[in-house]
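Quick notes on the structure that follows.
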């Protein structure tokens, strides 16, 4: 908008100056006016930036040949100075050229920026076709052209400042976006570390309770039962009843501790870590690759232990009884059940080899899954052996959380 207003003011000054000093508009003046309008318009609308500096230069050449073109030289001086690149943004221009922007050569820009001075100098010093006609009108044209050049220089600097401000704002937004991403990543890492520490601490507490307090209570229960039997054999019925009460109290305490240990163990179950450890239990030992895809975010502790055990035994069977090169472990969660598929490409594994005494065996896989109300199928499938297990969610959803 500023460029349009500046050019309108300059054209108005040129018309007023021409009509005031000459008294009318001759055909040559009309041609010069139209040529100036065309040149300034092309400076704005030419798609190729390389051609824009040529427009002020072409008009300056015509002004050297005809004095009529001098009257409308100020808008051309405005465009010539406005299109001149700033030294302060030369690095940005070099970067733009490197990225494929069609920028004009420096020599062309330098010549076109100052070529408008040539017809003015020729007019002032009496050179060219109209020599000898220098007068007050010539000095007025020079003054208006100088004003146009100053306006163009001001517009150039304002445009450069606007471009620099826009670039700084874009860089600031990009930097802020990167910082937000880093903060989000850091928050996720901290949350994961806190979760891992919590899981490890709960597992440690459950292990300590089981290994220490649980064993002491078990010994107390056995001692109370032994005292009761000895008291009954000796006829001390009161003492026998006392030992029986001690036995019942210790047994209740053992039951409560067992429930607490199970609750801690369930809360401390990291499903993803368990599945990953089971699937990659033979990494570095066997000659096959394991491709794990786990779509289950979390599951109750019994389900997690069952699936991990099934995966571990299935991968163990592949390692001992198959020549597979790749094993795929797929876990999917559906609205009503969890599903596990372990598939290898090592040919059809003999059932006798698969049910060898080493490890759980296929019968134990089926027993574990059936204990949770699910189904398990093990056998040849496609070009390998497949272990398939499906465990329903109904027991846990119906009971509000089963341990």
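All conditions but one from (1) modelled with pLDDT of 80 or more; (2) buried (at least 16 other Cβ atoms within 10 Å of the Cβ); (3) more than 20 Å from residue 140 (Cβ to Cβ) apply to residue 57; the one that does not is (1). For segment 336-359, the criterion of a residue being at positive phi, surrounded by 15 or more Cβ atoms within 10 Å (Cβ to Cβ) and either modelled with pLDDT of 90 or more or not in a loop (DSSP other than H, G, I, E, B) (or both) is satisfied by no position.
Suppose we filter 227, 152, 148 for residues that are surrounded by 16 or more Cβ atoms within 10 Å (Cβ to Cβ), in the same structural domain as residue 256 (by TED's automatic domain parsing) and at pLDDT 80 or above; which single one remains?
Working: 152 fails: in the same structural domain as residue 256 (by TED's automatic domain parsing); 148 fails: in the same structural domain as residue 256 (by TED's automatic domain parsing).
Sole residue among the options that is surrounded by 16 or more Cβ atoms within 10 Å (Cβ to Cβ), in the same structural domain as residue 256 (by TED's automatic domain parsing) and at pLDDT 80 or above: 227.
Within segment 284-313, restricting attention to residues that are free of Cβ contacts under 8 Å to residues at least 60 places away in the same chain, farther than 20 Å from residue 366 by Cβ and out of contact with any strand residue (DSSP E or B) (no Cβ under 7 Å at 6 or more places or on another chain), which residue is surrounded by the most Cβ atoms within 10 Å (Cβ to Cβ)? Restricting to residues being free of Cβ contacts under 8 Å to residues at least 60 places away in the same chain, farther than 20 Å from residue 366 by Cβ and out of contact with any strand residue (DSSP E or B) (no Cβ under 7 Å at 6 or more places or on another chain), the top hit is 286.
The condition of being over 30 Å from residue 394 (Cα atoms) and part of a loop (DSSP other than H, G, I, E, B) holds for only one of 235, 227, 214, 242, that being 235. The set of residues in segment 379-395 being without any contact (Cβ under 8 Å) to a residue 40 or more places away in the chain and not in a loop (DSSP other than H, G, I, E, B) consists of 379, 380, 381, 395. Of the listed requirements (1) without any contact (Cβ under 8 Å) to a residue 24 or more places away in the chain; (2) surrounded by 11 or more Cβ atoms within 10 Å (Cβ to Cβ), residue 167 misses just one: (1). Within segment 314-329, being part of a helix (DSSP H, G or I) and out of contact with any strand residue (DSSP E or B) (no Cβ under 8 Å at 6 or more places or on another chain) holds for 316, 319, 320, 321. Yes or no: residue 205 modelled with pLDDT of 75 or more and not assigned by TED's automatic domain parsing to the domain that holds residue 78? Yes, satisfied. Within segment 30-41, the set of residues being more than 19 Å from residue 78 (Cβ to Cβ) and either surrounded by 13 or more Cβ atoms within 10 Å (Cβ to Cβ) or not assigned by TED's automatic domain parsing to the domain that holds residue 53 (or both) comprises just one member, 31. Just checking, does segment 186-203 include any residue being exposed (fewer than 10 other Cβ atoms within 10 Å of the Cβ), in a helix (DSSP H, G or I), at negative phi and out of contact with any helix residue (DSSP H, G or I) (no Cβ under 6 Å at 6 or more places or on another chain)? Within segment 186-203, none of the residues are exposed (fewer than 10 other Cβ atoms within 10 Å of the Cβ), in a helix (DSSP H, G or I), at negative phi and out of contact with any helix residue (DSSP H, G or I) (no Cβ under 6 Å at 6 or more places or on another chain).
The values are calculated or read from the model by the stated rules, or taken from the named source; none is laboratory data. Worth saying up front: this structure is predicted, and the values here are computed from it rather than measured. Quick reminder, even Gly has a Cβ in these numbers, built from the backbone with ideal geometry, and neighbours come from all protein chains shown.
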